[in-house]
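Participant: Can you keep this structure in mind? I'll have questions shortly.
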Amino acid sequence: MTKQIYVINGPNLNMLGIREPHIYGHNTLQDVQDLCELTAKALGAEVVFHQSNVEGELINWIQEARTAACALIINAASLTHSSIGIYDALKALDIPIIEVHLSNPHAREDFRHKSYVSPVAFGVVAGFGIQSYRLAIDGLRGKRWLFKWNLKTALDSFLGRAIYPFKRFHLNGLRSMF
Ligand code: DHK
């Protein structure tokens with residue numbers, strides 16, 4: 001199974017390229033997704049990419065990432081500054097969380113200076129436009145969480161080839177060790 005990096009985007013990010021391009025740039029959300037996929041590929045990972053304007057949907061994807069992902073990249077957009085629901089959902093994860101923003105919220109209005117994501121984030125990347133996402137994914141390179149996942153994946157594929165007839169039995173036993 002390929003390791004998965006969840007990339008979750010909040011309200012209005014579907015409007016990228018149209019909304020306030022002097023702040024958020026001219027690239028579209030599809031450009032962001034393409035960039036994330038390309039960057040993750042170099043780490044041997046695949047990207048699960050989501051955007052929603054609905055808080056509950058974002059929370060469902062965060063919960064899903066708990067078991068499905070090796071890392072979570074999140075731009076909660078305006079909900080960064082207001083959502084205790086997202087904060088609580090993120091707190092339940094034990095995978096690395098990286099907060100990203102296209103703009104630098106700290107150089108903007110006061111209400112954008114508060115983040116409910118930062119207290120539970122391993123790292124924050126802001127102000128580099130869509131390159132913030134690339135930097136966030138690149139920042140995972142060589143980190144132990146990816147290594148742990150790699151070891152499991154490598155064992156799965158090695159054992160899968162070497163002892164095919166006993167595959168299910170052995171893999172299930174080994175999976176429980178990691
Ligand atoms: C995006 C938004 O939509 C704003 O509400 C945040 C963030 C900043 C960004 O820069 O990506 O304040």
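Bear in mind that the values in this text are calculations on the coordinates, not laboratory data. Remember, it's a predicted structure, so these values are computed and weren't measured experimentally. Cβ atoms come from the backbone with ideal geometry, glycine included; neighbour counts cover every protein chain shown.
Participant: Hey, with R₀ at 25 Å, roughly what FRET efficiency would A68 and N12 work out to, going by the Cβ-Cβ distance, to 0.05?
Facilitator: 0.45
Participant: Assuming R0 = 22 Å, can you tell me the calculated FRET efficiency for the pair S82 and R19, based on Cβ-Cβ distance, to the nearest 0.05?
Facilitator: 0.75
Participant: Highest mean first, what order results for 102-115, 121-134, 66-79 on Cβ atoms within 10 Å? Don't jump to the answer; show the numbers that get you there.
Facilitator: Numbers: 102-115: 13.6, 121-134: 18.9, 66-79: 21.2.
Sorting 102-115, 121-134, 66-79 by mean packing, highest first, produces 66-79, 121-134, 102-115.
Participant: Shifting gears a bit: Which ³J(HN,Hα) values in Hz, rounded to whole numbers, follow from the phi angles of the range 17-28 under the Karplus curve 6.51 cos²θ - 1.76 cosθ + 1.60, where θ = phi - 60° and Gly and Pro get x?
Facilitator: These are the phi-based 3J(HN,Hα) values: x, 10, 7, 5, x, 5, 9, 9, x, 9, 6, 9 Hz.
Participant: Separation of the range 1-59 and the range 90-141 by C-alpha centroid, Å?
Facilitator: About 13 Å separates the Cα centre of the range 1-59 from the one of the range 90-141.
Participant: Q30 to H113: extension gain in nm, 0.36 nm per residue of separation minus the Cα-Cα distance? Can you show the working numbers first?
Facilitator: On the way: separation 83, 0.36 × 83 = 29.88 nm, distance 2.74 nm.
Length difference between fully extended and current span is 27.1 nm.
Participant: Based on the alpha-carbon gyration tensor of the range 9-94 and its eigenvalue square roots a ≥ b ≥ c, which shape applies: rounded if a/c is under 1.5, prolate if not and a/b is larger than b/c, or oblate? Working shown, then result.
Facilitator: Working: a/c = 2.41, a/b = 1.13, b/c = 2.14.
Oblate, since a/c reaches 1.5 and b/c is not below a/b.
Participant: Which cross-chain or sequence-distant (5 or more) residues have an amide H under 5 Å from the amide H of V100, H modelled 1.01 Å from N in plane?
Facilitator: Those lying under 5 Å, H to H, from V100 are I74, N75, A76, V125.
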